[in-house]
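The values are calculated or read from the model by the stated rules, or taken from the named source; none is laboratory data. Every value quoted in this text rests on a predicted model; they were computed, and no experiment measured them. All Cβ positions, glycine included, derive from the backbone under ideal geometry; neighbour counts span all protein chains shown.
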């Protein structure tokens with residue numbers, strides 16, 4: 001009986017692995033190449049404009065993060081915040097996105113965090129189930145010998161109904177109330193020097209506080225990918241989150257400087273099956289709250 005139970009558990013584990021969330025969240029160059037002529041497929045490219053103009057996936061549409069966000073006076077003085085639902089709907093439709101679109105987000109050299117911020121925005125807009133990341137982005141597409149183009153597609157407005165936005169954003173009060181509590185893992189996505197406090201970030205002319213949110217743990221965004229810019233294997237990502245104290249069933253709340261790098265760690269957490277929230281204001285917002293706990297060094 002014991003032997004049978006072990007066999008059953010192994011079978012369940014194998015089935016779970018074969019149905020990993022990553023299977024739908026990440027697609028290969030081969031997968032996309034086979035579907036590139038599908039009229040419902042919308043390919044978005046995040047990266048340097050000159051790089052896009054020189055070569056990109058045929059039919060890919062160029063996107064800047066400013067196209068899908070608000071900053072400054074329109075965002076309470078913060079950077080890279082989500083616009084209201086009506087504005088976001090119009091901006092997504094302007095990219096050719098419709099209700100029945102299958103969206104693939106690609107990215108140029110060193111622009112993974114731009115791509116994951118785009119994916120987070122689409123997930124927030126209720127389009128997450130039809131959105132995937134092209135693993136390795138344009139570099140992988142090129143390395144695999146896929147076709148390239150220097151011709152931008154003609155503008156196209158998609159048919160997109162009212163957005164069914166999802167509750168994926170945490171604010172400072174939520175983070176302060178949940179950091180260090182069972183069931184929640186607050187993760188700092190910045191480079192280690194900012195987390196430790198050996199370097200201080202800043203933005204919009206104002207330096208941030210030095211250190212990290214007290215009780216937060218570190219999963220640096222730059223460690224999520226291999227040299228090829230492809231995501232690390234599930235086993236390696238799982239080990240990174242486990243080292244940061246994330247346990248099965250935890251809600252992973254990520255933050256960084258302004259909410260861009262954190263989206264990469266949030267995306268990685270999604271591929272592992274964790275429920276996620278983004279502290280969109282991130283350390284830029286936290287630093288504006290006198291008395292909110294900050295610490296340096298490592299716990």
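Go through (1) touching a strand residue (DSSP E or B) at 6+ places or on another chain (Cβ under 8 Å); (2) assigned to a loop (DSSP other than H, G, I, E, B); (3) closer than 19 Å to residue 148 by Cα for residue 37 and report which single condition fails.
(1)
For the stretch 178-194, does any single residue satisfy the condition of being within 23 Å of residue 49 (Cα to Cα), in contact with a helix residue (DSSP H, G or I) (Cβ under 8 Å, 6 or more places away or on another chain) and touching a residue at least 12 places away in the same chain (Cβ under 8 Å)?
No, the conditions are met nowhere in the stretch 178-194.
Give just the number: which of (1) at pLDDT 95 or above; (2) in contact with a helix residue (DSSP H, G or I) (Cβ under 9 Å, 6 or more places away or on another chain) does residue 238 not satisfy?
(2)
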